[in-house]
Amino acid sequence: MNFIAIYVLWLREMKRFWRAKSRIVGALAMPLFFLAFLGLGFNRMGIPGLSQGVNYITFLVPGILGMSLLFSSTFGGLSVLWDKEFGFLKEIMVAPVSRIAIVLGRITGGVTTALIQAVMILGVALLMGFRPSSWLTLGLAFFFMILISATFLGLGLIFASRMKDMQGFSIVMNFVIFPIFFLSGALYPVENFPVWLRLLAYLDPLTYGIDGLRALLINNSSFSWPVNLGVILVSATVMVILGAYLFEKSEAA
Amino acid sequence: MEEAIVVRNLTKKFGELVAVDDLSFSVKQGELFGFLGPNGAGKTTTINILATLLRPSGGEAWVAGYEVTRHPHEVRRHIGIVFQEIALDSKLTGQENLEFHAMMYGLSKQARQARIQEVLQLVNLIEKRNVLVENYSGGMKRRLEIARGLIHQPRVLFLDEPTLGLDAQTRRHIWEYIQRLNIEEGVTIILTTHYMEEADNLCHRVAIMDQGKFVALDTPSRLKDILGGDVVTLELEPFFSPEVSLRFESLSWIKTVKKHENSLILTMEKAERRIPELIHLAEVNGSRVVSVHLHKPSLEDVFLHFTGRRIREEEASWQERNRARLRHHFRRR
């Protein structure tokens, strides 16, 4: 395995991320608006399905973390298309580096940037008065975040490998990412869905990612964290392998 | 290994379209070899196959001693390529783009620093090394790409339309760099172009390509010799003194004599040195020369000779074809 290649691809992502300050602000704005307005707007309402002593902002924080991870990771995977558009993908593909190393470089880069954004959101949440139920489980929560991010980087790569250019971007956005987001129970407990919709929600890997974060951060979840961990671990593995496979198959020129 | 590239019966089809049609040729180590032809002739497709970015539909190709479909990894290690479109990361500096490349090719830190310094010097970009590429001019981007293609000391360097869209002055500079690195680094260079002067000035041998095939392959001067040398058109007054054309026909260094309205069209070698003599001979034989027109054959004429079309005309119709194809493509979606 060519670790230098993975490292240099990761380093490139970091430099690009660091230099695109406006992009960071843009990427953080939406989850923070959701957190602030939904949180403050619904905080005094009784949301059915929440256990006693958990207010809505507290419930919302893990959901918004999941949202941020979903969006930034899928975009990270899709950003292969930008490289295709600007020609840089050819420079990467013609290098004597295995396709696996290229995929891993992009995934480590994507996971890192998604995680940095999640940490920033968590910071704002702490300022808003959010407190995790236990600081000890925070490390495990970060592991969850890595797996959520890897899952959707894989998804982004799958779409990027099947698409020629950025034209299908809004379709992916409206018909894939938003449904995943709304089905996941980021904003409300999935138990409130009618049965058929709940079944769909349970097919959504993000449901388990967010439920796992809730188990670890606010001690209020549908499933225990090991169950959630099992599902998200499998989904991350499957998505990354599938994304890598399809990326390998696609021709660069 | 004396041959840098050996190609046998190479074919590439995109659905119905045969982009590369049963090509066979070889390129020697250290040669500067050019593909000349209109857009859509198959030049870029051929290069992309040789650079392992596309899989051929048939045939074999060895680059630096390795077969492109069986050992793509080894081929990649030994080639450098400058793509037709800019392939730099504009959010990185020139230096960072080169570092990225050097690390991808597994150069050690020391080798990296030395080599980057060297290639930046070769293309005169030392002072701009820490500027973001998005602030580079078109010519600077090209030079940086050529430098990048050289970092890992490839045996073969592919340049796909290296001066496309550049102004005349920048183009001349790029030509100088290409010549210099061919001599100084001894690297085999394969370039594609649809500029005649480029192929003529730079290349040791030129393959004229049309519709996926070679119509001719030789040195530029020998290709032009096929046309029988320079063409001199003499407008005479009074027309027509038969002695003049008889006298010209009797001379061994004049290859052909044709009459056209009140002019004589002659072909010969080194015509610029013969013009005074032609004028003198015409006057001695009773005709006065009113005007002289000398045309040195270009590779454009060679293309015309072989295909019956001009490269520029071909370009317009290619663009139309391409537009039609795009329309078709979008309808299908």
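The values are calculated or read from the model by the stated rules, or taken from the named source; none is laboratory data. Fair warning: this is a prediction, and the values are worked out from it, not measured in the lab. Please note: Cβ atoms are built from the backbone with ideal geometry, for glycine as well, and neighbour counts cover all protein chains shown. In case anyone asks, the SASA skips ligands and DNA or RNA and just uses the protein heavy atoms, side chains included. Shrake-Rupley method; radii C 1.70, N 1.55, O 1.52, S 1.80 Å.
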Under a straight-distance cross-link criterion of Cα-Cα below 18 Å, which lysines are reachable from B:LYS109, leaving out those fewer than 8 residues away in the same chain? none
Give me the percent of the accessible area of the stretch B:31-164 that comes from carbon and sulfur atoms, probe 1.4 Å, all protein chains in place. 43
Among the DSSP H helices of chain A, those whose Cα atoms extend at least 30 Å along the helix axis and whose mean Kyte-Doolittle hydropathy is -1.0 or higher are A:56-78, A:99-127, A:138-162, A:225-249
Near A:ILE100, within a Cβ-to-Cβ distance under 12 Å, what is the net charge of the other residues, with Lys and Arg +1 and Asp and Glu -1? +1
Accessible area of the stretch B:51-166 divided out per residue, in Å², using a probe of 1.4 angstrom: 38
Quick one: dipole size for chain A, taken about the Cα centre, charges +1 on Lys/Arg Cβ and -1 on Asp/Glu Cβ, in debye to the nearest 20. 420
Interface residues in the stretch A:214-253 - accessible area drops by 10 Å² or more relative to the isolated chain, probe 1.4 Å: A:GLU251, A:ALA252, A:ALA253
Taking a crude spin-label model, label points 7 Å out from Cα along the C-beta direction, the B:GLU127 to A:ARG198 distance in nm is 7.2
How big is the dipole moment of the stretch B:228-295 about its Cα centre under a simple scheme where the beta carbon of each Lys and Arg is +1, that of each Asp and Glu is -1, and everything else is neutral? Debye, nearest 20, please. 160
Specify the angular offset, from 0 to 90 degrees and rounded to the nearest 10, of the alpha carbon long axis of helix B:275-284 from the longest principal axis of the alpha carbons in chain B. 10
Rolling a 1.4 angstrom probe over the protein heavy atoms, how many square angstrom per residue are accessible across chain A? 44
When B and A pair up, the total accessible heavy-atom area removed from solvent (1.4 Å probe), in Å² to nearest 100, is 2700
Over all residues in B:80-89, what is the mean tally of Cβ atoms on other chains that come within 10 Å of each residue's Cβ? 4
Round to a whole number: what % of the accessible area of the stretch A:1-60 belongs to carbon and sulfur, probe 1.4 Å? 68
Alpha carbon centre of the stretch B:245-264 versus the stretch B:203-244: separation in Å? 16
Using the structure shown, select from A:LYS164/B:LYS213; A:LYS84/B:LYS43; B:LYS224/B:LYS255; B:LYS13/B:LYS224 the pairs with a Cα to Cα distance greater than 25 angstrom. A:LYS164/B:LYS213; B:LYS13/B:LYS224
Answer with one residue from A:PHE175, A:MET14, B:GLN113: the one whose Cα lies farthest towards the positive end of the charge dipole of the protein assembly as shown, charges on Cβ with Lys, Arg +1 and Asp, Glu -1. A:PHE175
Could you tell me the distance between the Cα centroids of the stretch A:142-171 and the stretch A:61-76, to the nearest Å? 12
Interchain or sequence-distant (5+) residues whose placed amide H lies within less than 5 Å of the amide H of B:VAL20 are B:LYS12
Options B:VAL75, B:SER250, B:ILE208, ranked by Cα towards positive dipole end of chain B, top entry (Cβ charges): B:VAL75
Placing unit charges on C-beta atoms (Lys and Arg positive, Asp and Glu negative, everything else neutral), compute the dipole magnitude of chain B about its Cα centre in debye, rounded to 20. 1220
